[in-house]
Amino acid sequence: MKKLAFVFALTVCLFPNYLSAQKAIAGAEYRTQEDFLYGRFEASIKGANASGMLASLFTYHTDDPEWIKNWTEIDFELMGAFPNEIQINAITSGKALHVAHLPVDFECHLDFNSYAFEWTPDYVAWFINGAEVHRQTGPHIAEMDKECKLMMNVWQPSDHTWAGPFDKRILPIYVYYDWVSYAAYTPGEGNTGSNNDFTHVWRDELVSHNSERWSMASHTWDENNVDFNPANVVFRDGKMILCMTESSEEKLGFQDDTAPKILYAEYLGNNLLLHLSEPILSASLSKIPKKQKIFIVPLFY
């Protein structure tokens, strides 16, 4: 992992179960109005280096009374605790997982990268920056024949063994989406994707909310420690920002007015190692008294 002149943030099934009690954290989800059966789905995303949370691009079969039996989901998951790894998954009937962890040669939170998957009756393939990185075939792919919405979200799983430990003091967290596109599956007749088997239908530059194409979710489920709140879907400077914040009204949205906090400190020889709640610019270190030395290290290796 490339060493940076920043202090990194320290820490370190999706059928909604609607709950009445407000959770302490608010996340965000953006989903299409339309349902799709097969296609190529792609987005340009800059993640977050924050343990305990994830950002996603995925398709999911919704509003089905037999949702466990008919589970159909394809995922890209950017896990904040693992900046050099992407998790992908195909989830089928009975919530059967088909997971892979893909190492990447970049850090997901430092810049935008494109993430795409192709869903067909015969295979599901995942692509990063245009290169195919994983493909699944076999009987479970044939089960994936239910229409799905395309979704993007930011949330905090309750399972720390999966997403990593979470410290609320690192809030707010922001994940940036530059654009998202959809191409229909048209084998032998297309203009994009593998073997030109897909036909481009639309690309959304995400400069503003298109209510005819998208909706902002406001639900949660038991394994999710956040409530999705439409106020945490923000459009600014030509990007969509999905925010994870405290749930109080004055904290929602894109308004990073919270100063970095020292989560803990330790001495190493004659030096003081400070772990902060968020990255800071190296220029800010000029304000530290000269007699005080600080190691600047990334949290994750």
Residues ASP178 and GLU249, FRET efficiency given R0 of 22 Å [Cβ-Cβ distance, rounded to 0.05] = 0.20
message = So for region 105-256, averaging the separation of alpha carbon pairs under 8 Å that are six or more residues apart and normalising by length, what relative contact order in percent results?
response = 18
key: Fraction of accessible area attributable to carbon and sulfur, region 186-238 (%, probe 1.4 Å)   = 39
request  = Over region 170-228, average the accessible area per residue using a 1.4 Å probe and give it in Å², no decimals.
outcome  = 45
ask   = What list of ³J(HN,Hα) couplings, whole Hz, do you get for region 28-42 from phi and the Karplus terms 6.51, -1.76, 1.60, once you set θ to phi - 60° and write x for glycine and proline?
value = 8, 9, 10, 9, 6, 6, 7, 9, 10, 10, 6, x, 10, 10, 8
note = In the structure shown, of LYS46/LYS251; LYS95/LYS149; LYS95/LYS146; LYS95/LYS168; LYS95/LYS251, the pairs separated by more than 24 angstrom at the C-alpha atoms are LYS95/LYS168; LYS95/LYS251
Carbon plus sulfur fraction of accessible area for region 63-176, probe 1.4 Å, in percent = 53
query = List the aspartates and glutamates whose alpha-carbon lies under 20 Å from that of LYS23, not counting same-chain residues fewer than 8 positions away?
reply = ASP159, ASP167, ASP222, GLU223, ASP227, GLU246, GLU249, GLU250
task = Convert each backbone phi in region 205-218 into a coupling constant with the Karplus relation 6.51 cos²θ - 1.76 cosθ + 1.60 (shift: θ = phi - 60°), then list the ³J(HN,Hα) values in order as whole Hz, x for Gly and Pro.
result = 7, 6, 8, 7, 7, 9, 6, 6, 9, 10, 10, 9, 6, 8
ask   = Relative contact order, percent, of region 175-222 when contacts are C-alpha pairs under 8 Å separated by at least 6 residues?
value = 31
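The values are calculated or read from the model by the stated rules, or taken from the named source; none is laboratory data. No experiment lies behind these values; they were computed from the predicted model shown. Note that each Cβ is placed from the backbone with ideal geometry, even for glycine, and that neighbours are counted across all protein chains shown. We work out accessible area using only protein heavy atoms, side chains counted, and drop any ligands, DNA or RNA first. Shrake-Rupley method; radii C 1.70, N 1.55, O 1.52, S 1.80 Å.
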